[in-house]
Structures are given as C-alpha cells and as structure tokens.
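One structure below.
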Amino acid sequence: MSKRPVHDIEKKWQERWEADGVYRAEDSGKAEKFYGLIEFPYPSGEGLHVGHPRSYVAIDAVTRKLRMSGKNVMYPIGWDAFGLPTENFAIKNKIKPQEATKGNIANFTRQIKSIGLGFDWSREVDTTDPKYYKWTQWQFLKFFNSFYDEAEQRARPIEELPAHLNKDEHRMAFKTASTINWCPRCKIGLANEEAQGGVCERCGNPVEKREKAQWMIRITKYAERLLKDLDNVDYLEKIKAQQINWIGKSEGAYVDFNISGSKNPFDKVTVFTTRPDTLFGATYLVLAPEHPLVATWLKEGDIKNQNEVQAYQSTTAGKSEMERTAEGKEKSGCVLKGIEAVNPANGENISIWISDYVLAGYGTGAIMAVPAHDERDFQFASKFELPIKYVVAPVVIDSTNPHREGKKTVTRPTVHAIIRNPKTDEILCMKWKHRDITTFVIGGMDEGEDPIEAAKREVREETGYTDLKFVEVLGGPMRADYFAAHKDENRVAYITAVMFDLVSDKREEVPASETDTHEPVWIPLNKIAKENLPPLERNYILARIMSKEAFVVTEPGEALNSGFLDGLPTWKAKDDMASWLKDEGKGDKAVTYKLRDWVFSRQRYWGEPIPIVICPKCGYVPVPEKELPLMLPDVDAYEPLDSGESPLAAIRDWVEVDCPNCGGKAERETDTMPNWAGSSWYFLRYCDPQNEKEFASQEKLKYWMPVDLYNGGMEHTTLHLLYSRFWYKFLWDLRIVPEECGSEPYAKRRSHGLILAEGGEKMSKSKGNVVNPDDVVGEYGADVFRVYEMFMGPFDQPVPWDTNGIEGVRKFLDKVWTLFDDEKNVDASEELVTLYNQSIKKMTDGIDGLYFNTCVSQMMIMTNAFVEAGGVPEAMRKGYLQILAPFAPHMTEELWSNLGMQGSIHRSAWPSYDESKLKASTFELVVQVNGKVRGKVTVDADVSEEDAKAMALKEENVVKTLGGKEPKQVIYVKGRLVSIVV
RNA sequence: GCCGCGGUGGCGGAAUUGGUAGACGCACGGGACUCAAAAUCCCGCGAUCGCAAGGUCAUGAGAGUUCGAUUCUCUCCCGCGGCACCA
C-alpha cells in the first residue's frame, strides 16, 4: 500500500475548504459567471452509487478549471427528495417519510462530501422543504391561472383571456377525466413519459388504462417551441434526436369524409393523414373503437350489426396497452354495417371499420386506409379482403438529356421496363438510385426510334442479358400524343417513371459520368408495388417541371382496358391536395404531435399537495397565495388507498375546508404532484435559495441564467429534461423569469455513460455486484476514486468497473506524490519543456471538451517523464500540480501548500502554455515510398522542403527500397513526412 | 420498421484539419530485489515469416477517391440505446 497519507490529508482539506468558502459563488462581480449543473440526486435509502460521482466529478473538474481560469463559478447541489421509493421505504419500515428523507440526505451528504466535490453547499436546496415547495405550489397556481395565447404563442395570465372564452376550458393546468396510464402496483396514475413501453417506470409492472379525473398540464401547447428551440441549444445529438422523436411532429392534413346511411345527414368523420396525396387510394375508413361517433351511431341504431360491433369494442377495452400492441401483426377489426363514407376526392362510397390498430389518442382517432401505400392498412385489407388501389403519379417525360448535350440532342420519352429475370424467372422492375431520387427505368432513345424498342434495347444493354424476354413493356405516360396513339394497345403505366436527370436545379452538380456509372438494382416488382413505391412528392417535383398531367390507376391489370385517362381526377401532391381540400371545404392542412398533455396528479402522500380547493359552488378554487405553503399534514398511514385515492383523502380534518372564494363547505384536492414538479425548477432556486419573497429574484436570475453546462443521465431525456424545459418556458412567457435569460434553461447539455459492473452487466442490488463508493474511498481515498472514474473510458460511454484499473491509478498518484517527496533539482530539458507545455494545452482543451480520459493519460505520460528524469524541474512544479488539481484536488492542495504557496491551489490562476514550445526543435521525418513507411530521419523543425526531400531520398533504407529507380513524384507534408512515388 | 450511436490487440481505450495505427492503463510473459511472498523496479507484449536486418497482413465486410484512409464517399453485415399499429 501507498505510503501516501491519504485520509488525513483529504479530511483536513475538505474541512479547510468549507471553512474558507473556497467554492462559494458570488451573486455578482466583474468576473464572467459560469453555472455548472448536475442533476440533483434522489436521496434513496441505498446511498450513493458509483454512477453518481461520474457526473459530479466530471463537472467538478470543469468548474474547478474554470474557477482557476478566473470565472465566477456556481456549482450547486440539492435534493430531489419527494417520491415513491421513500414513501415505500417509510411504509415498510414504519417511519415517517420526513424522517427517512432526513436520514437519507444526511447519508448522501456525508458520502458526497467525502469525495471532495467543489459544491457550494450554502445553496443546498431540498424539494421537500416547505420553504421550497411553497414555490412549487405557487408555480402550479401560475399554471392554473394562465392560458395559452395561440396568436402570440405564449402563456398569459388567465384574466387576459378574451371574455367570450370560458376560463376553465383554457387553464394551463386543468382537471379532467381522461384515460390515463394506471399502475396497479404503485396505485398511481402515470404520465405518458413514465409509462414508456407499456410498463410502469418505477416498478416495471404493466400499466392499465383507467378512466380517472386527473390534473393535467398543457405541455402540448409548447410542442412546437420545445422542438424548434432545440436548434438554439448545444445538446448532444442523441438527446435532441430523442426529444424530437418523443415530440413526434407530423405534418399532413385533416380530411372530412361525409357519411351516408346515418340518421344525422351532417355526420362526418375527420381523419388525419400525413399523405393527403394518396387520398384517391383510400378504400375504407378505420376508426378507433373508442371513437365517439361509433357510440352515437350505435345509439341511433345506424349500425346494423350492433352486437358484433359492441362485442369488438369490449374485447379491445379489456386489453391493456401491452396486449394491444404485443399481438403484433395480426390485425383485428369489425365493419360497421349500414353506413358508408364518401371519398371527397372521387365521390366513391367506401366501408367504415373499427379496429384497435387505430389509436384513439392520436390525430383524430380515425384514419383513411390506403392499403396500397401503408403496410398496416395493407395487412388489414388483406385480412378482410378489402380493395387495394394504387395511386400513381405519372410523369410525362419529353426532355432532352443534358448529359448528351453537345454531342447529340436526343428526345427521351420514358418507358418502364418490367422484365422476367431469365435465371430466376422472377418478375423485375429496374430501378436506379441516384442521390435522393429513386428512378425507375427508362430507356433512352434516338430520334425516330420507337420508344418501346428503345427501352428494350437499353435494358438489354444495361443488364447484359441479351436473351431477355420482355413480359411487358409498359408505355409510360410519354407525350400525350404518343400515349393517345398507343392507348388501345393496353400499354399502361402502373409504376411511376421518373428520370433523375430532370431535376433541373441540381443538374450541374452532377458530373455527366456519374449518371452512367450507376449500377442498376433489380428488385421484384411486387415488392415495389407494395412497399417501395417511390415517394410521390419526389415525383411531383418532376411532374411539375414536366407536366400538369396526372392520373390514378387502380389495381394493376384492372385498368388496362378501362380507358383510365378519361374523367379521372387529377393527382395532386401533398400540399396541393391539402389546399384543394381546404378550398372545397373538405379538410385542411394539419400538424399533429405524439406528445400528450402531462398527467400531473399522483395519488400518493409523499409529494407536494396540489393547492386547490374543490367547492361545490365555485368549482376549482386556488388556495390563496398567502396560505402557501400548503403543508403536507402528518398522518399515521401512508398506504395508498385501493379506491385509487391519495392517503390524504382519509384525513378528514385536513380535507374539509371552507371555500376561499365563497366561504362555504368545500374540500381540498387530495392528489399530490409528481416528483418532476420540484425538479422542474430547482436550477432557478439555486440562483437565490434563501429568498422568502420570491422563488428567486429577477436580478439573480438575470445574472446566473441560463445554465452553462448541464450534465445528467440519458434516462431523463424525455422526462425531467423535457418537463423542465417546458416549465421554464412557461415561467419565461409570464416574465417571472426575466426575458434576458433567454427561452431555454440549459445552454449545453451533456450526458455521461453508465458505470457497469465488472464483466459489463448493469450493477444491481439483486445481482450483488454493486460497488459502493464508501468502500472505494475508504480503501484508496477520494483522489484515486475521482481520477479513476475520469480515466475509465470516454465520459459519454458506458464502461465496466475494473478493480485492477483502479490500482493503476493509485500507482500513478503515488508516483506524483513521490516526485515531490525529495525536491531533487532537475534540469528542464527541451523534451520536458515541450511535454509540459503540451500537457497544459491538453488539460486546458480536454477539460473544456470533456475528454477526461485522455487528460488523465496525458498526466500519466508527463509523470512518467518526470520519474524518468528523476524529478520535476522547479519551474514546472506549480503548473504540474495546478493542471492535476481539478482531478485530484486534495493531494495537489497538500503538495501546493508544501511548496509554501499561499492560498488554495483551487483559487490559483490556471497556468498558460507557450505556443512556441509545443513542438520540439527537431522531429522525426517519416519517409514513405508508395505509401509505406520505409525510413525515418531526424530533422530540424524548421527544415526547408528541399532539404527534407533531399534527406529523405538519402535515407539508407529508402535508397535500398528505391533500388535506383527514379521517383515519379515526391510529396512533402510540412512537419510530418515525405512521400515518394515510384 | 424508424431514429440515434458505435464496431480498432486478451481487456478499457488512443490516434490533431486524411499523414508512423495500437498512446495511456489493465491483464499476461520474462527478469531484478527477497529465505519467500507482497510492494517496487527493468524488459517484452496485434498476427505472421525470418537467426537477424527486414518483410507481409491487420482498425466489422466489400468497393471507391487519394501519393497516402481508423479518418472522406457508397453498399452491406453486426452490436448498443431510444421509439414503435403515431396513420
């Protein structure tokens, strides 16, 4: 074991730092501020996990470095202490959650302090402290007392709501009966985000759907802003992607289908579709079984097969979310007999179905089914033998080929080739992929040549199959006159033809040769027809260039004799179709989001009481501000009630109150808030934690916000991170958070990788492979623990714990210590000077960039060099300790004070490096011959190109390799190599 | 299926704007010190051929661009994470 007196030193300095306020942040000052943040921990009974410090130490290193660089740094800590685990712990151990929390916080505090993190403890917050949750409740009331102004795109006080609108229908926080995710084990309702994958986030139990009156917050109003503002922040790409995905924006249109056969002649079904351009291909409608119109029609007796429909409804109602989706591909459904819908595009009558593959909560809860272009609709149609209609956007091609320009201008009508592969007997359609345009094949032809013959010829040439037998060559749209002439020959396009070289605006970017070198890909025709049909919007670009003509073709084969051009409606692209629908009064453009409103009620004890009184006369009445905080009452039993109510409901003398509005008998809301409430704004409270008049003063918010760097787990991306962004935007809208702070709370968000158990598995109590930080700190001390956590691997990637690896770090720090043991004077050789300067640069850049593992390895390299040299040159002693200080704060502080330095190393000025000394005066010039390293020559750093080349050509092994041959080319890369080509 | 991220020795991982692949650490092998062990120190450590000098092959696979590719382009395979009957 090390001779290094680890624990005494660490304890001594931890106490000294605290006494001296080394890490205290000033709320103002000349220095530029830096707000570094880690997700405040949930103080569980299990204590700190080795995963927590990975994040804490990393941001600690960053903030220490920046503090030394002269920034006014705030690095606060607090406790996210409300929540289920503590409540369950309390129930099990028969103690109060308040007591359990107190004990857990004390334990976490002890553990965190033992690691020597530079937190400003004077700003500690605790979400369960009434002084804190007073403001959480106050902010909830702001939600209750606000509405979202769509025109201004921001939240405003409810008093400003136009008088003709009902306030209760527009509050940002509102209570409503809705279908929610219910965890039968935890006995609480869950937000969508907490029930991902159909299981409870806390306990893993499958969630059920349940009708329940719940407080909701209109996060959906912010969907667009939450999405768009991601452009203005520096988040890890995967974080953005995950949020974008979760918000789930789709653009498309609402389409109204009139109903025939129902008693009410004004009945209509509105569907949402992202593909209004496929409207002609809609062959039936599907409604969610819960769709309100179904109930209406049943009531009115419009539906002739009532029993069947009701039976289907009750089977799906009985299924949990898991069951509904787990069944996977097999579709089920039930037709509604007696009524039909009218396709607004072509007036066709189509059948109406209900099926659970249509979700009640998304879009309008109804879809138009286009089996030709949607896999799910296709499955459904196949199962119930419903018609399938292909929508094809043909393009009339009558163009000159720009690539042949200058040689010979050729008119190239398109022809589709559909051939039989003579080897496999498979029917194929030829397709090219060129940039983002999928092209189907196309024969070029010379003037005067028959297009179909030309296509055959070209296909033969392209494929090399000279004996191709053409099953059918389909005359594509071609020129109208050509088409007219061939119509009676039954040549019909049912696959779109597109020519890539018609994209005029991109044409010149593509070298002519490129188009000719593309290998054709052969794919089965049926595959194209069902899945790979080219996106029509692409065709549309081309269509618009080339032609106004377009049409719809039905099932292949069917249309052959139908004279399909006659009287068919004109195909339209997405946007045009949407505008057409709008003009006709049959629909409109629409945008939908997957994001749902935030279920904000929890039927549990250990949370912030929702400060609302329910009055039989006045409705929902907010608890007056001056009565906040609305304290959680002491109770004896915390068990959730089987009725699904909060334990608070049982405390009658707390529940029964006078209405703050009319003074009549009323009752308190007994639901509490989710633990995401307190964590949605804690970073604001850190700015001004003691303030009793406001949640934080405007002045201090202006100074500290936004957070400059926020690190936390990926698991919070669609929970805490999304919620707090939303919460912050809301407060910002009301200007409770000053406008100057900006619309986003976190300028930069990073995420650390998980620490896995030895062997790569996840650490878990049940597997008994959990590493306890106390043990590690106890054995090796905090510095070794810290450096090891930073050295393990890239910060953002998961890494397994390695007991041997930590030994290596211990050896490293022992070496550093020994170097300062006897202060032998060592000359500052050029090599050491270079290395020293490089190391400062590496630390300076590496810490900013969060490349901690390579920072540590650089320190090891430098240390090894000092060991070899026999000591640290005097001039480098200070700087060497300083750049190591962010990682090993205790040891460096001790050595710093041993050097006789005044004041803490952590308040000393970060060393700078000498740009001119980053490179040695000589370097090894690498000589390559034909791309292979054949020799090395040591040359001066400022060697001239001529000299370098000359020396390279003289190198022994190079001469040998060249064997007298004359170099064709000699390339010199400054400061690196000479490359000789023979 | 969609989105994101990866694939480099026995392992964790390095490699600046394309320029000596395998830094640093671990493990392993050999040696020194020791009665012995631990600790510490020294040497070696991708594969392969060779006594050696040196050569050849190697960054998931295959092509391409280049004097030169782990890095850039294309195609494909595999792994991880997230979402998922979202119309």
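The values are calculated or read from the model by the stated rules, or taken from the named source; none is laboratory data. The shown structure was predicted, so the numbers you read here are calculated from the model rather than taken from an experiment. Counting neighbours? That spans all protein chains shown, and the Cβs are built from the backbone with ideal geometry, glycine included. Calculation scope for accessible area: heavy atoms of the full protein, side chains included, ligands and nucleic acids excluded. Shrake-Rupley method; radii C 1.70, N 1.55, O 1.52, S 1.80 Å.
Quick notes
- Tabulated pairs, region A:946-966, first without any contact (Cβ under 8 Å) to a residue 60 or more places away in the chain and under 15 Å from A:Arg934 (Cα atoms), second open to solvent by 60 Å² or more (accessible area, probe 1.4 Å) and within 13 Å of RNA strand B (Cβ to nearest atom), C-beta under 6 angstrom, 6+ apart or interchain: A:Asn957/A:Arg934; A:Val958/A:Arg934; A:Thr961/A:Arg934
- Failed criterion for A:Asp940 (all others in (1) within 19 Å of A:Leu832 (Cα to Cα); (2) of a type outside the set (S, T, N, Q); (3) in contact (Cβ under 8 Å) with a residue 40 or more places away in the chain hold): (3)
- Qualifying position, being within 12 Å of RNA strand B (Cβ to nearest atom) and open to solvent by less than 30 Å² (accessible area, probe 1.4 Å), among A:Phe852, A:Phe820, A:Phe791: A:Phe852
- Only helices (runs of 4 or more DSSP H) whose full extent lies in region A:866-980 are considered here, and the ones with at least 1 residues that are under 30 Å from A:Val22 (Cβ atoms) are A:874-884, A:889-898.
- Considering residues of region A:799-817 that are β-branched (Val, Ile, Thr) and near RNA strand B (Cβ under 7 Å from one of its atoms) only, the residue nearest to A:Ser857 (Cα to Cα): A:Val809
- Residues in region A:710-719 that are modelled with pLDDT of 95 or more and open to solvent by 10 Å² or more (accessible area, probe 1.4 Å): there are none.
- Among the residues of region A:213-261, just one is of a type in the set (S, T, N, Q) and free of Cβ contacts under 8 Å to residues at least 40 places away in the same chain, namely A:Asn245.
- A count restricted to region A:161-173 and to residues that are under 33 Å from the mean Cα position of the chain (by Cα) and either open to solvent by 70 Å² or more (accessible area, probe 1.4 Å) or touching a residue at least 60 places away in the same chain (Cβ under 8 Å) (or both) stands at 3.
- Checking A:Gly103, A:Gly36, A:Gly29 one by one, the residue that is at pLDDT 90 or above, not hydrophobic (A, V, I, L, M, F, W, C) and not in a strand (DSSP E or B) is A:Gly103 and no other.
- The residues in region A:75-125 that are among the aromatic types (Phe, Trp, Tyr), open to solvent by less than 20 Å² (accessible area, probe 1.4 Å) and without any contact (Cβ under 8 Å) to a residue 60 or more places away in the chain can be counted, and the count is 2.
- Looking at A:Ser751, A:Ser766, just one residue is of a type in the set (S, T, N, Q) and over 23 Å from the mean Cα position of the chain (by Cα), and that residue is A:Ser766.
- Residue ID - farthest from RNA strand B (Cβ to nearest atom), chosen from residues in region A:244-253 that are assigned to a helix (DSSP H, G or I) and buried (at least 17 other Cβ atoms within 10 Å of the Cβ): A:Ile247
- Of all the criteria given as (1) closer than 30 Å to A:Val856 by Cβ; (2) away from RNA strand B (no atom under 11 Å from the Cβ); (3) open to solvent by 30 Å² or more (accessible area, probe 1.4 Å), the one not satisfied by A:Arg877 is (3).
- Among the residues of region A:855-874, those that are aliphatic (A, V, I, L, M), open to solvent by 10 Å² or more (accessible area, probe 1.4 Å) and either under 17 Å from A:Trp910 (Cα atoms) or near RNA strand B (Cβ under 9 Å from one of its atoms) (or both) comprise A:Met860, A:Ile861, A:Val867.
- Residue that is farthest from RNA strand B (Cβ to nearest atom), among those in region A:271-311 that are open to solvent by 10 Å² or more (accessible area, probe 1.4 Å) and among the small types (Gly, Ala, Ser): A:Gly301
- Qualifying residue in region A:869-884 (condition: at pLDDT 95 or above, closer than 25 Å to A:Gly778 by Cβ and under 37 Å from the mean Cα position of the chain (by Cα)): yes
- Qualifying residue in region A:166-173 (condition: small (Gly, Ala, Ser) and out of contact with any Lys or Arg (no Cβ under 9 Å at 6 or more places or on another chain)): no
- Of the criteria (1) touching a Phe, Trp or Tyr at 6+ places or on another chain (Cβ under 8 Å); (2) open to solvent by 10 Å² or more (accessible area, probe 1.4 Å), which one A:Glu699 fails: (1)
- When region A:39-79 is filtered for residues that are aromatic (Phe, Trp, Tyr) and outside any helix (DSSP H, G or I), the ones remaining, listed by number, are A:Phe40, A:Tyr42, A:Tyr75, A:Trp79.
- A:Ala241 being more than 16 Å from RNA strand B (Cβ to nearest atom), aliphatic (A, V, I, L, M), assigned to a helix (DSSP H, G or I) and under 30 Å from A:Ala173 (Cα atoms): no
- Cross-chain or 6+ apart pairs with Cβ under 7 Å, region A:844-861 first and under 16 Å from A:Gly879 (Cα atoms), then more than 8 Å from RNA strand B (Cβ to nearest atom) and charged (D, E, K, R): A:Ile847/A:Lys65; A:Cys855/A:Lys842; A:Gln858/A:Lys842
- Hey, A:Asp796 modelled with pLDDT under 95, surrounded by fewer than 18 Cβ atoms within 10 Å (Cβ to Cβ), over 13 Å from A:Thr863 (Cα atoms) and within 9 Å of RNA strand B (Cβ to nearest atom) or not: yes
- Residues of region A:180-222 satisfying the condition of being aromatic (Phe, Trp, Tyr) and within 26 Å of the chain's Cα centre (by Cα): A:Trp182, A:Tyr222
- Candidate set: region A:939-982, residues that are among the polar types (S, T, N, Q) and within 10 Å of RNA strand B (Cβ to nearest atom); chosen: the one most open to solvent (accessible area, probe 1.4 Å): A:Gln969
- Test: A:Trp727 is at pLDDT 95 or above, over 19 Å from the mean Cα position of the chain (by Cα) and not in a strand (DSSP E or B): no
- Residues that are open to solvent by less than 30 Å² (accessible area, probe 1.4 Å) and among the aromatic types (Phe, Trp, Tyr) within region A:331-371 comprise just one, A:Trp353.
- Set A:Val613, A:Val623: member being more than 27 Å from A:Asn181 (Cα to Cα) and crowded, with 20+ Cβ neighbours inside 10 Å: A:Val623
- Scanning region A:222-238 for residues that are in a helix (DSSP H, G or I) and more than 10 Å from RNA strand B (Cβ to nearest atom) yields A:Tyr222, A:Ala223, A:Glu224, A:Arg225, A:Leu226, A:Leu227, A:Lys228, A:Asp229, A:Leu230, A:Asp231, A:Asn232.
- Residue, farthest from the chain's Cα centre (by Cα), within region A:342-385, restricted to residues that are aromatic (Phe, Trp, Tyr) and more than 7 Å from RNA strand B (Cβ to nearest atom): A:Phe384
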